[in-house]
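Q: First the structure, then my questions, so here it is.
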Amino acid sequence: LADQMRTGAVPVDDANQRLDEIETLRPHYNQAVVGVAHAACGAGFAVILSAAWQDVGLAAALSIVVFLLVRASSSSEWLRSRINVVASFVAAVLASVVGVIVGSGNSYIVALCAFVVLIPGLGLTLGVYELALGHTLLGWNRFISSSMVTIGLFAGASIGAMAVRAVFGSADI
């Protein structure tokens, strides 16, 4: 569509209409497959961080919880605007509570692995790249907005872990 617009084959009004149609299309992937992908990302990141096997399994399970929260945010405006903080908070609370109950594992690593798919790595990278190219306004905009998402994720996780620690004591042994 972009190439057709550049060559003049498609007028701007038609392109806008086509973009609106594209936006309303169903996702290409089945939601169950996306949920499995979330679980695989969480488990894979736990393996990369050399977590214990029980932590890998818990990270996969909590990644599915995060996926379900992200799905729920599509129907709730309130949740959509706060999904990063809420998802990381819930992941940290659940990981810390399981860490207290089971008495082993690293709940911080598990929580991080559960919401790793929400970290805007591409936005941070492109922001730095655009700043390096001298595209100051776009680079700062992208970098700061991605940084705010990252800060929200880690703030939610920190608050969740501290809340569990305040109620139950330390989650890590």
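Q: Taking only pairs six or more apart or across chains, which ones have beta-carbon atoms under 7 Å, a first residue in the stretch 84-95 that is on the phi > 0 side of the Ramachandran plot and without any contact (Cβ under 8 Å) to a residue 40 or more places away in the chain, and a second residue that is open to solvent by less than 10 Å² (accessible area, probe 1.4 Å) and hydrophobic (A, V, I, L, M, F, W, C)?
A: Between residues of the stretch 84-95 that are on the phi > 0 side of the Ramachandran plot and without any contact (Cβ under 8 Å) to a residue 40 or more places away in the chain and residues that are open to solvent by less than 10 Å² (accessible area, probe 1.4 Å) and hydrophobic (A, V, I, L, M, F, W, C), there is no close pair.
Q: Tell me the residue from G105, G127 that is open to solvent by less than 80 Å² (accessible area, probe 1.4 Å) and not in a helix (DSSP H, G or I), please.
A: Numbers: G127 fails: not in a helix (DSSP H, G or I).
Of the residues listed, the single one that is open to solvent by less than 80 Å² (accessible area, probe 1.4 Å) and not in a helix (DSSP H, G or I) is G105.
Q: Would you mention how many residues in the stretch 38-59 are of a type in the set (A, V, I, L, M), in a helix (DSSP H, G or I) and touching a residue at least 12 places away in the same chain (Cβ under 8 Å)?
A: Of the residues in that region, 7 qualify.
Q: Which condition does S75 not pass, out of (1) assigned to a helix (DSSP H, G or I); (2) surrounded by fewer than 15 Cβ atoms within 10 Å (Cβ to Cβ); (3) free of Cβ contacts under 8 Å to residues at least 24 places away in the same chain, if it passes all the others?
A: For S75, the exception is condition (1).
Q: Against the definition (assigned to a helix (DSSP H, G or I) and buried (at least 18 other Cβ atoms within 10 Å of the Cβ)), how does G99 come out, yes or no?
A: Judged against the criteria, G99 is a match.
Q: One residue is enough: does the stretch 108-116 have a residue meeting the conditions closer than 17 Å to A161 by Cβ, touching a residue at least 24 places away in the same chain (Cβ under 8 Å), of a type outside the set (A, V, I, L, M) and outside any helix (DSSP H, G or I)?
A: yes
Q: Something else about it: Of all the residues that make up the stretch 132-173, how many are aliphatic (A, V, I, L, M), surrounded by 15 or more Cβ atoms within 10 Å (Cβ to Cβ) and assigned to a loop (DSSP other than H, G, I, E, B)?
A: Adding up the residues that qualify gives 1.
Q: Please verify whether the stretch 111-121 includes one or more residues that are more than 20 Å from L68 (Cα to Cα) and surrounded by fewer than 23 Cβ atoms within 10 Å (Cβ to Cβ).
A: Yes: one or more hits.
Q: Moving on. Between residues in the stretch 134-161 that are within 15 Å of F115 (Cα to Cα) and aromatic (F, W, Y) and residues that are modelled with pLDDT of 95 or more and assigned to a helix (DSSP H, G or I), which pairs lie under 8 Å by C-beta distance while being six or more apart or on different chains?
A: As it stands, the answer is F154/S88, since those pairs meet every condition given.
The values are calculated or read from the model by the stated rules, or taken from the named source; none is laboratory data. It should be emphasised that the depicted structure is a prediction, and the values quoted were computed from it without experimental measurement. As a convention, Cβ positions derive from the backbone with ideal geometry for all residues, glycine included, and neighbour counts pool all protein chains shown. Accessible surface areas use protein heavy atoms only, side chains included; no ligands, DNA or RNA. Shrake-Rupley method; radii C 1.70, N 1.55, O 1.52, S 1.80 Å.
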